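Everything on this sheet refers to the single structure shown next.
The values are calculated or read from the model by the stated rules, or taken from the named source; none is laboratory data. On a predicted model such as this, the values are computed, not experimentally measured, just so you know. Virtual Cβ from ideal backbone geometry, glycine too; neighbours counted across all protein chains shown. For the accessible areas, the whole protein counts, side chains as well, though only heavy atoms, and no ligand, DNA or RNA atoms are used. Shrake-Rupley method; radii C 1.70, N 1.55, O 1.52, S 1.80 Å.
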Amino acid sequence: MKILSSGTYSDRLVSYSVIFSLIWSILGMAAGVYVALELVIPTIDFGQEWLSYGRLRTLHTNAVIFGFGVTALMGTAFYSVQRTCHVELFSPRLAWFCIIAWQFTVLLGGLSLLAGWNAGKEYAELEWPIDILIAVIWVCFGIVFFGTIAKRKVKPIYVSNWFYGALIIVIAMLHIVNSLAIPVTISKSYSLFAGAQDAVVQWWYGHNAVGFLLTGGFLGMLYYFLPKQADRPIWSYRLSIIAFWAFTYSYIWAGPHHLHYNAIPDWVQTLGMVMSIILLAPSWATMVNAVMTVSGAPQKLKTDHSLKFIVLALAFYGLATFEGPMMAIKSVNAVSHFTDWTIGHVHSGALGWNALITFGTFYFLVPRLFNTQLYSKRLADIHFWLAISGTMLYILAMWGAGISQGLLWLSLGDLGELSYGFREIMASMQPYYILRVIAGLVFLSGAVVMIYNFFRTIAGRKTATVQIPAPSTASEQQVTV
Amino acid sequence: MNAIDIHRKLEENAGLLIFGILFVSAIGGLVQILPSIFQETVEPTADTRPYTAAELLGRDIYIREGCSTCHSQQVRPLLAEVIRYEAPAHAGESVYDRPFLWGSKRTGPDLSRVGEKYTDEWQRIHLIDPRAVVPKSIMPAYPWLERRKANARNDVHLRMKALQRLGHPYSDEEIARAADDVAGMTELDAIVAYLQSLKIDTSVDQSEGGH
């Protein structure tokens, strides 16, 4: 087929978002390792406020989620939406604004957290001025994304775009409602919601930020980059439709499992538990669909680093989306709630799923964006094994710590007295916490190896210009993306 | 027209897709959150009162330092937990909590009933140097709390006024004298005042199960 050019893609901003995302990944993970070490040697904050655990831990979560995660999602959304629509971005200038303004916002947010600006809600700690910046940039992100879809040359909207679209829409809704507050000063506000009601709103936000950002957003990444790299169409188109709507409908209901046995109505807890278990179906439907897609090209798994990372990420996605519903069962939650098991669960998602699929996608993107070959396959291999080992060790350490805490806290003697004091249980966690530091260091060193590899790959090069192909037929589009 | 054909329509129309996502994702939240806003208004328990000026400043320092990343304030109605921490939490105890501080992690113990379990002096030493009183503690030390005035920015009355606007029953006189009430207090004084205020409400019939 003769390819008629209709302009070029806006790819330079994608290159920059990859680089920014990588910088945040190192900063965020380094902060994570540091706070993990503070739980072993508490004096290494040296009496400095900004190094204090309560502030630095918040910086860690914000840097990895909003810096590393969201920047990667923005960049990959801009990359894939152009290619699935066969047009250049709607307003590349606004897209540039999104990428650059987002970096400043995350940076400002990080500094404000270190300075002690903290709204006190988990994963929504940033204070009202930064919340407003986030909302403005998010709306611009939506305008660029849906504007590009509106001017597409391909009739159907490809499935990855539904997930990126859900990310944009649902996160906007959650962020705006949960951040509603009355400002007192530039650095202090009071939530519009109080007590139990605030708890329900916060975990509606908190759970679904995980749902639509860390799960849905990255599923958008999966649905574009996995078929692309495997060079196979999605195994079942119909399954991807069913899974998308089931996911979008049922995820929202599951938030109250963060408040089991807390002072919210029983019916809300029970509903949250039931819907969490139902959620397993759409989560695994997507996994099955993705695994079957790869199974069409198994030989690639031997040699292709990008695909290896994405498939490993898929395995951890399956693990985390199974573990989540199990932990949402009230009787399991009685043991797991408030313990390090929760932290382990979060990291099987965050390290195993989010970080690994992002790394896999970056191994795909970086050589292509700069029209070259990866500097070293051997280094990519080393990174792969460091990433697996770090993630596994982290999860095992936190399972050990969390299950012990949960059982020891609830343990009663023959006379109905507590078997163990809180302090002795806490002190017995030290070996697990040391293991966690090691796990974090292993994972972080893998990421450093990757960044060196990328640095050597792109040093002295510029983002390549890619021509937009002429519109193809709709049926062909389904297959080739 | 089967379901796939109907979906094809949706899939070729960006506006419909946006609307579909918004509609489908909004249902769960509406069902769970709206009743708590319009129907089940939680009444404060008999002993629950708005925080005093000092306690409020202390609570805001607790938030600033991220104390709730490691300390929950929510006793669950489980036998061992009730033995360890006293009565389970009641929603009415949190009506003046903006934001709520129930927490999601107990690296350190639950604090919702810590008030008056230790002396002011113990709390002060513990915050400045936790390992002086709990040798194996992994809590950070907070030496700067002692060096700073709690109301250094002279905004305590603004804080209370904002909360009054949100329905907290502060009188205008209370707000007017707030700055005087906390004059000379350090941040350490304020956070100790807050911690000592975290007590069980004895007026609540605990057999009701907390909600």
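What number of residues within segment A:309-333 are under 16 Å from A:Gly390 (Cα atoms) and among the charged types (D, E, K, R)?
Matching residues across segment A:309-333 total 0.
From B:Ser203, B:Ser171, which residue is modelled with pLDDT under 95 and open to solvent by 30 Å² or more (accessible area, probe 1.4 Å)?
On the way: B:Ser171 fails: modelled with pLDDT under 95.
It is B:Ser203.
Quick one: which helices (runs of 4 or more DSSP H) sit completely within segment B:1-91 and have at least 1 residues that are at pLDDT 90 or above? First the steps, then the outcome.
On the way: elements: B:3-11, B:14-38, B:53-64, B:79-85.
Output list reads B:14-38, B:53-64, B:79-85.
Output the residues belonging to segment A:20-48 that are within 14 Å of chain B (Cβ to nearest Cβ) and in a helix (DSSP H, G or I). Before the answer, list the steps.
Taking segment A:20-48 first, the residues within 14 Å of chain B (Cβ to nearest Cβ) are A:31-32, A:34-48.
Selection gives A:Ala31, A:Gly32, A:Tyr34, A:Val35, A:Ala36, A:Leu37, A:Glu38, A:Pro42, A:Thr43, A:Ile44, A:Asp45.
Which numbered condition in (1) over 25 Å from the mean Cα position of the chain (by Cα); (2) in a helix (DSSP H, G or I); (3) not β-branched (Val, Ile, Thr) is the only one that A:Ser17 fails?
In the conditions (1) over 25 Å from the mean Cα position of the chain (by Cα); (2) in a helix (DSSP H, G or I); (3) not β-branched (Val, Ile, Thr), A:Ser17 misses (1) alone.
Yes/no matrix, rows are residues, columns are (1) open to solvent by less than 20 Å² (accessible area, probe 1.4 Å); (2) within 30 Å of B:Ala183 (Cβ to Cβ); (3) more than 10 Å from chain A (Cβ to nearest Cβ):
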residue: B:Val75; (1), (2), (3): yes, no, no
residue: B:Trp102; (1), (2), (3): yes, no, no
residue: B:Trp122; (1), (2), (3): no, yes, yes
residue: B:Met160; (1), (2), (3): yes, yes, no
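When you look at B:His7, is it not charged (D, E, K, R) and not assigned by TED's automatic domain parsing to the domain that holds B:Glu173, yes or no?
yes
Would you check if A:Val136 is out of contact with any Lys or Arg (no Cβ under 6 Å at 6 or more places or on another chain) and either in a loop (DSSP other than H, G, I, E, B) or free of Cβ contacts under 8 Å to residues at least 60 places away in the same chain (or both)?
Here the answer is yes, as A:Val136 does meet what is asked.
Tell me, which helices (runs of 4 or more DSSP H) wholly within segment A:253-309 include 1 or more residues that are open to solvent by less than 20 Å² (accessible area, probe 1.4 Å) and away from every other protein chain (no Cβ under 14 Å)?
Details: elements: A:266-278, A:280-294, A:300-303.
Qualifying helices (runs of 4 or more DSSP H): A:280-294.
Just to be sure I understand, how many residues within segment A:77-95 are closer than 18 Å to A:Pro156 by Cα, of a type in the set (S, T, N, Q) and open to solvent by 20 Å² or more (accessible area, probe 1.4 Å)? I'd like the intermediate steps shown before the answer.
Taking segment A:77-95 as the starting set, the residues that turn out to be closer than 18 Å to A:Pro156 by Cα are A:77-90.
With of a type in the set (S, T, N, Q) added as a condition, the list becomes A:80, A:82, A:84.
Going one step further and asking which of them are open to solvent by 20 Å² or more (accessible area, probe 1.4 Å), we end up with none.
So the count comes out to 0.
Keeping to segment A:162-186, report how many residues are among the hydroxyl-bearing types (Ser, Thr, Tyr), more than 9 Å from every other protein chain (Cβ to nearest Cβ) and either out of contact with any Gly (no Cβ under 7 Å at 6 or more places or on another chain) or open to solvent by 30 Å² or more (accessible area, probe 1.4 Å) (or both).
The initial filter retains those residues of segment A:162-186 that are among the hydroxyl-bearing types (Ser, Thr, Tyr), namely A:164, A:179, A:185.
Narrowing further to those that are more than 9 Å from every other protein chain (Cβ to nearest Cβ): A:164, A:179.
Narrowing the set further to residues that are either out of contact with any Gly (no Cβ under 7 Å at 6 or more places or on another chain) or open to solvent by 30 Å² or more (accessible area, probe 1.4 Å) (or both) leaves A:179.
Total satisfying the criteria: 1.
Table: residues versus (1) free of Cβ contacts under 8 Å to residues at least 12 places away in the same chain; (2) under 18 Å from the mean Cα position of the chain (by Cα); (3) within 14 Å of chain B (Cβ to nearest Cβ).
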| residue | (1), (2), (3) |
| --- | --- |
| A:Ala77 | no, yes, no |
| A:Gln82 | no, no, no |
| A:Cys85 | no, no, yes |
| A:Ser91 | no, no, no |
| A:Leu114 | no, no, yes |
| A:Cys140 | no, no, no |
| A:Thr148 | no, no, yes |
| A:Lys151 | no, no, yes |
| A:Lys155 | no, no, yes |
